[in-house]
Amino acid sequence: MRDKVMAEHDIKFPAYLDSKYCKTTSVDFLVNSRKSLQKYREDRLGSGHRGGIKNIRNFIEQRKEWLQECDKYLDMTKQGRVFRTKETTEELFTAMDSLSKELYALIYRPKNAAEDTHQLTELAGQKFELMFRLMDAHRTDLQLRGLL
């Protein structure tokens with residue numbers, strides 16, 4: 001199927017890209033990345049430190065890129081979606097995009113000596129929580145189906 005799709009669409013998938021890699025990538029995001037992001041959310045976001053915000057935004061963007069590559073591969077080769085269904089996949093990517101945009105806005109906001117960083121980062125914190133809820137719901141769904 002992989003070769004057929006590559007020939008049919010005149011694209012070349014990287015050699016490492018297969019369903020096992022994609023499953024590992026999505027599970028790693030749901031488990032390990034989730035822990036790292038939660039720790040950042042709880043311990044560092046409130047400080048409003050731009051360097052830390054930039055690093056965590058880059059982390060999210062990198063994971064999103066990997067997951068989108070897998071989603072495209074799985075979808076094109078008719079092996080499903082990276083987060084099992086089209087709806088769940090789109091919801092998680094939308095949540096990641098929304099959080100990334102909010103973090104970007106925090107990085108490039110004008111500096112103000114009187115700013116309340118906890119208030120400024122509150123919306124980003126809410127977007128983290130939304131993404132966590134979606135991730136947790138998907139993880140639970142996978143566990144109930146015996147897929148995780």
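Data overview
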item: Every residue from the stretch 45-93 that is in contact (Cβ under 8 Å) with a residue 24 or more places away in the chain, among the charged types (D, E, K, R) and within 21 Å of Tyr104 (Cβ to Cβ); result: Arg50, Lys54, Arg57, Glu61, Arg63, Lys64, Glu91
item: Of all residues making up the stretch 67-84, the number that are surrounded by fewer than 19 Cβ atoms within 10 Å (Cβ to Cβ) and in a helix (DSSP H, G or I); result: 5
item: Residue satisfying condition, being of a type outside the set (Val, Ile, Thr), out of contact with any helix residue (DSSP H, G or I) (no Cβ under 8 Å at 6 or more places or on another chain) and crowded, with 16+ Cβ neighbours inside 10 Å, within set Lys35, Lys4, Lys39, Lys23; result: Lys23
item: Unique match (being open to solvent by 40 Å² or more (accessible area, probe 1.4 Å), at pLDDT below 95 and basic (Lys, Arg)) among Arg57, Arg44; result: Arg44
item: Residue match in the stretch 34-44 (condition: within 15 Å of Leu92 (Cβ to Cβ), assigned to a helix (DSSP H, G or I) and in contact (Cβ under 8 Å) with a residue 12 or more places away in the chain); result: yes
item: The stretch 105-129 residues that are farther than 15 Å from Gly51 by Cα, paired with ones that are assigned to a loop (DSSP other than H, G, I, E, B) (beta carbon under 6 Å, 6 or more apart); result: Leu120/Gly48
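The values are calculated or read from the model by the stated rules, or taken from the named source; none is laboratory data. Note that the coordinates shown come from a computational prediction; the quantities given were computed from them, not determined experimentally. Note that we place each Cβ from the backbone using ideal geometry, even for glycine, and neighbour counts take in every protein chain shown. Just the protein is used for accessible areas: all its heavy atoms, side chains included, with ligands, DNA and RNA removed. Shrake-Rupley method; radii C 1.70, N 1.55, O 1.52, S 1.80 Å.
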